[in-house]
Amino acid sequence: MLQSNRNAVRRPHSWRFSSSRMRRGIINNNPRSPLQKILGGTPDPPALPKAGVPSDRELALADMMPDPILPTIGLADPIISVRHSRPSVQTLLQEASRLSQPDQLELIALLIQKVDVPTPAQATRRPTSAGQLASRDREMQWLAENRIQYVGQWVVVEGDRLIAHGPNSREVFQAAKQAGIEVPFLVQVEPEDQLPFGGW
Amino acid sequence: MPHNLTFSALHLYDPGEPGITLPIGLRCRTGSVDLTVKLDTGASHCIFQRDYADSLGIDVETGEEKEFGTANSKFIAYGHEVIIIAFDLEYQATAYFAKDYYITRNVLGRQGWLYKVRIGLIDYDGKLYVSHYDDDSDVGF
């Protein structure tokens, strides 16, 4: 009885495993090459339902079901966790080393293509490691209210405080740095009645 | 046929001021500075006063020399790689710093900024809407 139950509940694991391997392109029984599947370059073709074979949707649902064999300790099924984790470079290298030489060359070509293709903005968009731009609303407000006193001068404003001002931008900037301002908001104050900007 | 766009950021500027003024940050290996610039769709590049290069610790003349034409004159500027931060967008770009100190304009132009973003402008209200140009979630044609 117990054995029969165990067999019954093991089936989803077996499907899950094979479906996982199919999704990763290791078992190649569809027109996409394994390399394309690893790289995820093109979407999967729609799965055709076959008699006796669970559909992708059924497999996905089975994946989400808790495994009654495993103790219910509140943790995710370890197989599911591993499968959903991002494969390491080492894992991918190990898999790639098992490929034939032509397939390895194809992999290299596809990887190069994938790296080279990003759009101009994607290629130049950077993470925020350089530091976020602080909101400068208060500084802009200060400038609007006080510009008349400092026309033509360089000012560093932090919040609604004037940190430094003077005719030499470098000296004003250095004064702000010495005052402990990490990223000075440095502006040369324009006169109110400045001639309209004609553009470049 | 109506076209809809959505944006990730809205900047309110004073429509009474000359030009569309917005605060940005310039970052490079040697320093950081925040400043105000004018948005200029007529400018081919992002161009800044030489004073900002000095603040960033950039040796201006070591950059790529480029001559720029204006309506009635021309001037020299030098290109340097910096990071331009505006709103929540951060791009590596070549910024050009004017050779001469009397050039006192700071503009965000096409190369380096405008071509990387999508903008919507309601100048009458002083509203500038901005998004990264290919933010999928923002496309609403």
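Read-outs: derived from the displayed coordinates by stated rules, not from any lab. Note that the coordinates shown come from a computational prediction; the quantities given were computed from them, not determined experimentally. No Cβ is skipped: glycine too gets one built from the backbone with ideal geometry, and neighbour counts run over all protein chains shown.
With a sphere of radius 14 Å drawn around the Cβ of B:Val60, what net charge do the other residues whose Cβ falls strictly inside it have (Lys, Arg +1; Asp, Glu -1)?
It works out to a net charge of -4.
For the range B:11-133, how many pairs of lysine residues have a Cα-Cα distance under 22 Å, where the two are 8 or more positions apart or belong to different chains? Going through the range B:11-133 pair by pair, I get 10.
Approximating the spin labels as points 7 Å out from Cα along Cα→Cβ, the B:Asp135-to-A:Ile112 distance works out to 3.6 nm. Here the dipole of the range B:11-133 is about 260 debye; that uses its Cα centre as origin and unit charges on the Cβ of Lys and Arg (positive) and Asp and Glu (negative). Normalised by 2.2 N^0.38 Å, with N the number of residues, the alpha-carbon radius of gyration of the range A:137-188 equals 1.00. The phi-based Karplus calculation (6.51 cos²θ - 1.76 cosθ + 1.60; θ = phi - 60°) puts the 3J(HN,Hα) values of the range A:172-179 at 5, 4, 5, 4, 5, 4, 5, 7 Hz, whole numbers, x for Gly and Pro. Under Stokes-Einstein, with the Kirkwood radius over Cα pairs as Rh, the value for the range B:11-133 at 25 °C and 0.890 mPa s is 167 µm²/s. Amide H contacts under 5 Å for B:Val117: B:Tyr133, restricted to partners 5 or more places along the chain or on a different chain, H placed in the peptide plane at 1.01 Å from N. Shown for A:Ser100, A:Ser169: other C-beta atoms within 10 Å of each C-beta, ranked fewest to most, produce the order A:Ser100, A:Ser169. Springs between Cα atoms under 10 Å define the GNM used for chain B, and in it the highest mean-square fluctuation of B:Ser55, B:Ser44, B:Ser73 occurs at B:Ser73.
How do B:Lys116, B:Lys74, B:Lys99 rank when sorted from fewest to most other Cβ atoms within 10 Å of their own Cβ?
So the ranking, lowest neighbour count to highest, is B:Lys74, B:Lys99, B:Lys116.
I'd like the FRET efficiency for A:Leu162 and B:Asn4, computed as 1/(1 + (r/R0)^6) with the beta carbon distance as r and R0 of 45 Å, rounded to 0.05.
Step by step, r from the Cβ atoms, then E = 0.55.
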